[in-house]
Amino acid sequence: MSIGLGHYLVVSGLLFSLGLYVLITRKNAVAMLMGVELVLNAALLNMVAFSRLGRVGPDKLDGQVFALFGIVLAAAEAVVALALVLQLYRAFRSVDTTETTDLKG
């Protein structure tokens, strides 16, 4: 049995659904960041799968290169988001997003 495009799309759909579920149900800022990362990884998996299985020839690396830039972007986003979470904790002594209704600390 060969792994085809449908298998990649199912895994990507599950990742996206799980990330969206985490974003909707969790109130913890760190858990919400994990949900965003899952959604981003699902999109990158789709790009790699479509690039790999959609082309024929030596130039199949477009999706992989784009995914590499996406991973670098995700790492930079995680650093900035964790810095924001640390500032949120310093100001409110909690990372629960429902407790942080004030804009002043």
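The values are calculated or read from the model by the stated rules, or taken from the named source; none is laboratory data. All values derive from a computational prediction rather than experimental measurement. Using ideal geometry, Cβ is built from the backbone for each residue, glycine included, and neighbour counts are taken over all protein chains shown.
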Criterion first (closer than 30 Å to GLU99 by Cβ, surrounded by fewer than 17 Cβ atoms within 10 Å (Cβ to Cβ) and either touching a strand residue (DSSP E or B) at 6+ places or on another chain (Cβ under 6 Å) or small (Gly, Ala, Ser) (or both)) does SER17 satisfy it? yes
Examine the range 3-22 for a residue that is over 16 Å from GLU77 (Cβ atoms), among the hydroxyl-bearing types (Ser, Thr, Tyr) and touching a Gly at 6+ places or on another chain (Cβ under 9 Å), and state whether such a residue exists. yes
Can you confirm whether LEU9 is in a helix (DSSP H, G or I), surrounded by fewer than 18 Cβ atoms within 10 Å (Cβ to Cβ) and not acidic (Asp, Glu)? yes
Could you say whether any residue in the range 24-33 is part of a helix (DSSP H, G or I), modelled with pLDDT of 90 or more and loosely packed, with under 14 Cβ neighbours inside 10 Å? yes
Sole residue being part of a loop (DSSP other than H, G, I, E, B), at pLDDT below 90 and farther than 23 Å from THR97 by Cβ, chosen from VAL48, VAL56, VAL65: VAL56
